[in-house]
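Undergrad: Following this message is one structure expressed as structure tokens.
The values are calculated or read from the model by the stated rules, or taken from the named source; none is laboratory data. Predicted, not measured: the structure shown is a model, and the values here were computed from it. Cβ: placed from backbone, ideal geometry, glycine included. Neighbour counts: every protein chain shown. SASA here: full protein model, heavy atoms, side chains in, ligands and nucleic acids out. Shrake-Rupley method; radii C 1.70, N 1.55, O 1.52, S 1.80 Å.
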Amino acid sequence: MLAKVSSAATFGIDAYLVTIEVDASKGLPTVVMVGLPEGAVRESKDRVRTAIQNSGYEFPLQRITVNFAPADVRKEGSSYDLPVALGILATQGFIKQEKLKQFVILGELSLDGGIRKINGVLPIAQAVRRTKKRGLIIPWDNAPEAAIVSQIEVYPVRNLLEVIRFLNEEIEIERFTIDVKEVFRDGQDYEIDFGDVKGQEEVKRALEIAAAGGHNIIMLGPPGSGKSMMAKRLPTILPSLTVEEALDTTKIHSVMGLLPPKRSLITIRPFRSPHHTISDVGLIGGSQDPRPGEVSLAHRGVLFLDELPEFRRNALEVLRQPLEDGVVTISRVRRSVTFPASVMLVAAMNPCPCGYYGHRKKECRCTPPEIQRYVSKISGPLVDRIDLHVEVPSLSFHDMTREDRSEDSKDIKARVMRAREIQRERFKKEKIFTNAQMNTRQIKRYCQIDKEGKELIRMAMEELGLSARAHHRILKVSRTISDLAGEDSIKPEYVAEAIQYRRLDRRYLY
């Protein structure tokens, strides 16, 4: 007897349906799996056998053939356990196939018949929405995530016996629903705030400009000056995620199994801070079955690279495409996959190998050539994609012990939002949203400066030794500073401020 069960799988961050065909015929008792099953899928026959027996059913003493279609795509993971078990039971007449055909079914089985949580449920739910299927039968722990897609029916289950009785219409399972707006509204609070940062007003100003225009930024300063502390607080002044952005972000974390406990939706901007020993695959994504890397996990948020010169050169070089295009494309022999990677890059580094150049108290023992070699570990093409370079001085005792509280993130965010609204109106007929995304044509159109401003840029390039690539970056940042001030024209003082944020472009850094 033949039975068919619909399941699903993910490739990259998208999902597709998998049809599981189970045939029971005469022959030596065995289970044969075809259709490119890998690892955990091949092992599932032992879990399925034991789970069926511990649920009160006899495992058939027949030749069981299980086919996973499409057969030319590799099948991985443990989410096929439940549909395979139901297919085997359906061949024996224990389950009504009419209702079985209405659902897409996923779940990992434990030996006692319990059903465990799986990864990638959100993109699978979105894929089911595009089919004629009635809905999903999934593990109970995955229900809040799947219910984010409100157009399908979600039925959470705890064990194999419960699924069998539901499909045979012996019991009713209440459809799981969730109020997306309430989940979204309740999860947008941050536990940290810029009000906790003492001093460093110039650096906070630079971070505000970066947030307002979507600019990448690098901070240079000695250890303990607050670089990491301020970087972690940058998401608190960025515009809040929209529902669509939250779904995009959640899909990536869902596939990787990184959703926070008891959270069905990523409602705040991600902040990812990989260690400097990370490989290029870990940073950008890849492996034999392409998976998202840190740059994609930071999509719609902040990617923070601390101790930037300590990262491997090849790992930093692969960042150039996502910083330019906002996506990562990984090609393999069979097919290619594209991951979203629209991030704000925030980097931090010491000013010299020992870290104490410019420190108020500690003496730097590095020679100028050593300092220059250290800074030169960052390639020119990567620096070209960073709009703001800001120095972070060491804190004085007075700054560290001052009692007054600094400006809160809420107040800074209000100014950032006003600047973003100006940009949204400016670019409503373009395919971009922030000043940092402007191309050469758009810079020429929207970044007009007067004669005095042009003279400032000329002097900076000639006397300070700024590179030619700094020219467009200065204009973009000047445009953002003007937006923060609520001005239509770019005044010379805005150009002057933008010029001081090009430290790494100078011919002689120190």
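Undergrad: For a test of the definition: using alpha carbon positions, the gyration tensor, and the 1.5 limit on a/c, classify the range 210-325 as rounded, prolate or oblate.
TA: Because a/c hits 1.5 or more and a/b fails to exceed b/c, the range 210-325 counts as oblate.
Undergrad: Please determine, in degrees from 0 to 90 and to the nearest 10, the orientation of helix 409-426 with respect to the longest principal axis defined by the Cα atoms of the chain, where the helix direction is its Cα long axis.
TA: Value to nearest ten degrees: 90.
Undergrad: So for the range 1-142: antiparallel DSSP bridges make up what percent, rounded to the nearest 5?
TA: Details: 19 of 29 bridges.
Around 65 percent antiparallel, to the nearest 5.
Undergrad: Roughly how many Å² is the accessible area per residue of the chain, as a whole number, for a 1.4 Å probe?
TA: 46
Undergrad: Let me ask something additional. For the chain, find the longest principal axis of its Cα atoms and tell me its angle to the long axis of helix 243-255, 0 to 90°, nearest 10.
TA: 60
Undergrad: Then there's this: Rounded, prolate or oblate for the range 147-291? Axes are the square roots of the Cα gyration tensor eigenvalues, ordered a ≥ b ≥ c, and the cut-off for rounded is a/c under 1.5.
TA: Verdict is prolate for the range 147-291.
Undergrad: Would you calculate a helix-derived [θ] at 222 nm for the chain, using -39,500 (n - 2.57) for each DSSP H run of n ≥ 4 and dividing by the full residue count, to the nearest 500?
TA: -10500 deg cm²/dmol
Undergrad: Right, something else. What shape does the range 351-480 take by its C-alpha gyration tensor, where a ≥ b ≥ c are the square roots of the eigenvalues and a/c under 1.5 counts as rounded, a/b above b/c as prolate, and the rest as oblate?
TA: oblate
Undergrad: Quick one: which residues, 5 or more positions from THR19 or on another chain, have an amide H under 5 Å from its amide H? H modelled 1.01 Å from N in the peptide plane, none for Pro or chain starts.
TA: When sequence neighbours closer than 5 places are left aside, the close amide H contacts are SER7, ALA69.
Undergrad: Right, here's the next one. In the chain, what percent of the accessible surface is made up of carbon and sulfur (1.4 Å probe, ligands and nucleic acids excluded)?
TA: 48
Undergrad: Applying the Karplus parametrisation 6.51 cos²θ - 1.76 cosθ + 1.60 with θ = phi - 60° to the phi angles of the range 103-108, what ³J(HN,Hα) value in whole Hz is obtained for each residue in order, glycine and proline being reported as x?
TA: The phi angles translate into 10, 9, 10, 9, x, 8 Hz.
Undergrad: Report the trypsin sites (Lys or Arg not before Pro) located in the range 412-510 that are in a DSSP loop and have at most 11 other Cβ atoms inside 10 Å of their Cβ, or state none.
TA: Within the range 412-510, the qualifying trypsin sites (Lys or Arg not before Pro) (loop, at most 11 other Cβ atoms within 10 Å) are LYS428, LYS429, LYS431, ARG507.
Undergrad: Using the Karplus equation 6.51 cos²θ - 1.76 cosθ + 1.60 (θ = phi - 60°), what ³J(HN,Hα) coupling, rounded to whole Hz, does each residue of the range 496-503 give in order, writing x for Gly and Pro?
TA: Result, rounded to whole Hz: 4, 5, 5, 4, 5, 8, 10, 4.
Undergrad: Right, next: Looking at the chain, send over the antiparallel percent of its DSSP beta bridges, to the nearest 5.
TA: 45
Undergrad: Right, here's the next one. Collect residues whose amide H, placed 1.01 Å from N in the peptide plane, falls under 5 Å from the amide H of PHE94; neighbours closer than 5 in sequence don't count.
TA: Excluding prolines and chain starts, which carry no amide H, there are no hits.
Undergrad: Treating the angle as unsigned and between 0 and 90°, give the value, to the nearest 10°, between the Cα long axis of helix 39-54 and the longest Cα principal axis of the chain.
TA: Compared with the principal axis, the helix lies near 50 degrees.
Undergrad: Counting only DSSP beta bridges with both residues in the range 258-372, tell me the antiparallel percent, nearest 5.
TA: So the antiparallel bridges amount to about 55 percent of the total.
Undergrad: On to the next question. So if I take the centroid of the Cα atoms in the range 283-307 and the same for the range 83-133, what is the distance between those two points in Å?
TA: Spelled out, the Cα-based centre of one part sits 31 Å from the other.
Undergrad: Another question about this same structure. Can you list residues from other chains, or at least 5 along the same chain, whose modelled amide H is less than 5 Å from the amide H of ILE178?
TA: For ILE178, no residues qualify.
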